[in-house]
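Structure record follows, encoded as structure tokens.
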Amino acid sequence: MKIAVIGTGYVGLVSGVCFSDFGHDVVCVDKDSTKIETLKQGDVPIYEPGLDALMIKNVEAGRLSFTVDLSNAVEGAEAIFIAVGTPTRRGDGHADLTYVMAAAEEVAKLAKDYVVIVTKSTVPVGTNRQVKQVVRKANPDLDFDVASNPEFLREGAAIDDFMKPDRVVVGVQNDRAADVMAEIYRPLFLRDFPIVTTDLESAEMIKYAANAFLATKITFINEIAALCERTGADIKQVSKGMGLDGRIGNKFLHAGPGYGGSCFPKDTKALARIGQEHAVPMQITETVIKVNEETKRRMIDKIFDLCDGQLAGKTVAVFGVTFKPNTDDMRDAPSLTIVPALIGAGAKVRVTDPQGHHEGAALLPGVQWAEDAYKAAQNADLVVILTEWNEFRALDLKRLARRMTTPHMADLRNIYSAHDAKRAGFTAYDSIGRAAWSTEIGPDG
Ligand SMILES: NC(=O)c1ccc[n+]([C@@H]2O[C@H](COP(=O)([O-])OP(=O)(O)OC[C@H]3O[C@@H](n4cnc5c(N)ncnc54)[C@H](O)[C@@H]3O)[C@@H](O)[C@H]2O)c1
């Protein structure tokens, strides 16, 4: 089957590569000629573990190619996936559908034979019907169907998520489109991965509901963590005790500095907006958005406390700036709120991240980049662990403390403990949802 994928970002590129690995003939298109040139040279423009090898394998097998020329990709394609960005629209929180509609119109003008136009981008309920209207208007004679196929992959584990999904959701209006989608996903179907076939609106809603639910779970545990700090409970023990309940589950129950990334912030805002438009306020989601912002600000307070309320003239070493480990994605990362606040308060900020430099350089002006954690911590007054890359999970804390001016640590991912920090020679340690410790206040606060 010939498939075209429009957009070679985190979702489009992974989808295109994986579809070609299923055995389909895939052409990936992007307007960004630099990206396409990079891909044609066999390089991957993003950091996603395992993607380069799988891409090269399928290019060499002659099943995968890249182009800026949409007409090339559309010709003979039985399905065209739209995987372009749907960022937050300025001002009102709505998902910006400009790129989706532009792609749909371009496809409509080029397509000649029956084709299924599939929206993979995360889009508000009703968008696929709008796509249908746009296509019909641009090419009234075209024989086509639309389908909604939201993507659930996680950056950092994208290939595994695509190849071994919890489920594939497909929204269609008729059997003809359902058959094309079934053919595309046949390799997964044969291996008994669940394919959930729905109407268009339900498929669109599933994606927002799932992301808002996960964002709620994270935010809930972050709020409980704040209460643990005041009451003497330990969030790690609380999360464990909660997560063992099969109805709750242990995933997304790790307290941290607030969620960020390319999806949760924009998708929660978009869901809140959809609710307002339909006069059904999404009150839980609206609260989640607010509490998440407060959580990030609470991290800044912790950092101030560890610096005796005075950041001017202090050197802060920040470990990890991407929104999570194993990605170079910086979109809405908590670091983008926290680091500028530290610089604004007069701190000198030194940053280290295994993959964040390329994206982060322009987004975090005024920081110094260090090669590794130990170089970042040289003569620092505070170390802040912001993203739990593996590199930061097994640090030699003694070595770290020895090179700092004031060995204080804000462990915003709960990797270590007050006990570890004390034993290594740190003199103050704070984390999330557990009692802070310093040589001045003692182990019991
Ligand atoms: N990133 C994730 O982890 C993730 C997970 C699930 C769903 N999604 C959703 O998938 C969609 C894409 O996200 P992403 O992170 O891959 O975005 P991205 O910004 O990384 O990539 C989008 C790409 O589309 C290209 N593009 C835009 N308009 C185009 C056009 N008309 N023709 C050709 N190319 C065009 C851009 O140049 C860019 O390369 C979004 O709706 C997002 O919400 C993302």
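The values are calculated or read from the model by the stated rules, or taken from the named source; none is laboratory data. Because the structure is predicted, anything quoted here is derived from the model rather than measured. A quick note on method: Cβ atoms are made from the backbone with ideal geometry, for glycine too, and the neighbour counts reach across all protein chains shown. We work out accessible area using only protein heavy atoms, side chains counted, and drop any ligands, DNA or RNA first. Shrake-Rupley method; radii C 1.70, N 1.55, O 1.52, S 1.80 Å.
Assorted remarks:
- Qualifying residue in the stretch 225-241 (condition: within 16 Å of the ligand (Cβ to nearest atom) and either under 24 Å from Met330 (Cα atoms) or among the basic types (Lys, Arg) (or both)): no
- Residue in the stretch 132-144 that is in contact (Cβ under 8 Å) with a residue 40 or more places away in the chain, buried (at least 16 other Cβ atoms within 10 Å of the Cβ) and aliphatic (A, V, I, L, M) present: no
- Listed by first and then second residue, the pairs linking a residue in the stretch 213-226 that is touching a residue at least 24 places away in the same chain (Cβ under 8 Å) to a residue that is open to solvent by 40 Å² or more (accessible area, probe 1.4 Å) and hydrophobic (A, V, I, L, M, F, W, C), with Cβ atoms under 7 Å apart and 6 or more places separating them unless they lie on different chains, are Leu214/Phe252; Thr216/Ile284; Lys217/Phe252; Ile218/Phe252; Ile224/Val238.
- Residue match in the stretch 258-278 (condition: closer than 21 Å to Ile385 by Cβ, in a helix (DSSP H, G or I) and in contact with a Gly (Cβ under 9 Å, 6 or more places away or on another chain)): no
- Take the conditions (1) under 26 Å from the mean Cα position of the chain (by Cα); (2) in contact (Cβ under 8 Å) with a residue 60 or more places away in the chain; (3) within 10 Å of the ligand (Cβ to nearest atom); Val107 misses just one of them, which is (1).
- Being within 13 Å of the ligand (Cβ to nearest atom), open to solvent by less than 50 Å² (accessible area, probe 1.4 Å) and either touching a Cys at 6+ places or on another chain (Cβ under 7 Å) or not aliphatic (A, V, I, L, M) (or both) is not true of Thr88.
- Qualifying residue in the stretch 64-76 (condition: away from the ligand (no atom under 16 Å from the Cβ) and touching a Phe, Trp or Tyr at 6+ places or on another chain (Cβ under 9 Å)): yes
- Within the stretch 338-365, the residues that satisfy the criterion of being touching a residue at least 40 places away in the same chain (Cβ under 8 Å) and open to solvent by less than 50 Å² (accessible area, probe 1.4 Å) are Ile338, Ala341, Leu342, Ala345, Ala347, Leu364.
- Within the stretch 24-46, the presence of a residue that is more than 14 Å from the ligand (Cβ to nearest atom), open to solvent by less than 50 Å² (accessible area, probe 1.4 Å) and among the hydroxyl-bearing types (Ser, Thr, Tyr) is excluded.
- Flag if Ala83 is open to solvent by less than 10 Å² (accessible area, probe 1.4 Å), among the small types (Gly, Ala, Ser) and in contact (Cβ under 8 Å) with a residue 24 or more places away in the chain: no
- Pairs are defined by a Cβ separation below 6 Å, a sequence spacing of at least 6 or placement on different chains, a first member in the stretch 194-208 that is under 19 Å from Gly126 (Cβ atoms), and a second member that is among the acidic types (Asp, Glu) and outside any strand (DSSP E or B); the pairs so defined are Tyr208/Asp267.
- In the stretch 1-38, residue nearest to Ala157 (Cα to Cα) [restricted to those that are touching a residue at least 40 places away in the same chain (Cβ under 8 Å) and of a type in the set (Ser, Thr, Tyr)]: Tyr10
- Test: residue in the stretch 116-133 that is touching a Lys or Arg at 6+ places or on another chain (Cβ under 9 Å), within 13 Å of the ligand (Cβ to nearest atom) and of a type in the set (D, E, K, R): no
- Residue count for the stretch 153-181, restricted to those that are more than 20 Å from Gly16 (Cβ to Cβ), within 16 Å of the ligand (Cβ to nearest atom) and crowded, with 17+ Cβ neighbours inside 10 Å: 1
- Taking the stretch 91-104 as the range and being of a type outside the set (Ser, Thr, Tyr), within 13 Å of the ligand (Cβ to nearest atom) and free of Cβ contacts under 8 Å to residues at least 40 places away in the same chain as the test, the residues that pass are Asp96, Leu97, Val100, Met101, Ala102, Ala104.
- A single entry from Met330, Met282 fulfils the requirement of being touching a helix residue (DSSP H, G or I) at 6+ places or on another chain (Cβ under 7 Å) and open to solvent by 30 Å² or more (accessible area, probe 1.4 Å): Met282.
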